[in-house]
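Undergrad: Below is the structure I would like to discuss, written out as structure tokens.
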Amino acid sequence: MLIGGSSCASCLIRIEKKLKATPGVLKAMVSVYRPYPAVVIYDCKKTSIAALRKVLESEKASAEKTLDVKLKEVPALLMPNSK
């Protein structure tokens with residue numbers, strides 16, 4: 001997805017932290033460089049695109065050009081470190 005409505009680096013970092021703190025999110029990465037792409041890997045049994053959009057809306061941002069792809073398993077390279 002692309003993050004809309006927010007372009008300051010500290011705001012984008014805060015959005016990334018909020019996405020990571022969302023129950024069901026396994027991994028979240030938000031770029032501070034235009035066009036501000038983001039990747040979120042989540043468990044669809046625990047959260048949804050709608051819930052992720054609400055996180056963005058709470059920060060006065062939006063999700064644009066969202067692509068939802070179901071993975072059979074999360075590649076080891078993308079597995080998060082222990083919190």
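Bear in mind these aren't lab numbers, they're just calculated from the coordinates by the rules spelled out. On a predicted model such as this, the values are computed, not experimentally measured, just so you know. Every residue, glycine as well, gets a Cβ built from its backbone with ideal geometry; the counts of neighbours run over all protein chains shown.
Undergrad: Determine how many Å³ per residue the convex hull of the Cα atoms of the range 2-67 encloses.
TA: Hull volume normalised by residue count: 67 Å³.
Undergrad: Show that you can apply the helix-only estimate: for the chain, add -39,500 (n - 2.57) for every DSSP H stretch of four or more residues, divide by all residues, and state [θ] at 222 nm to the nearest 500.
TA: -8500 deg cm²/dmol
Undergrad: May I pose another question? S62 to Y33: extension gain in nm, 0.36 nm per residue of separation minus the Cα-Cα distance?
TA: 8.8 nm
Undergrad: Considering only Y33, V55, L71, whose Cα is most displaced toward the positive end of the charge dipole of the chain, charges sitting on Cβ of Lys, Arg (+1) and Asp, Glu (-1)?
TA: Of Y33, V55, L71, it is V55.
Undergrad: Would you mind calculating the gained length between V69 and I49 on full extension (0.36 nm times residue separation, minus the Cα-Cα distance), in nm to one decimal?
TA: My answer for the length gained is 6.1 nm.
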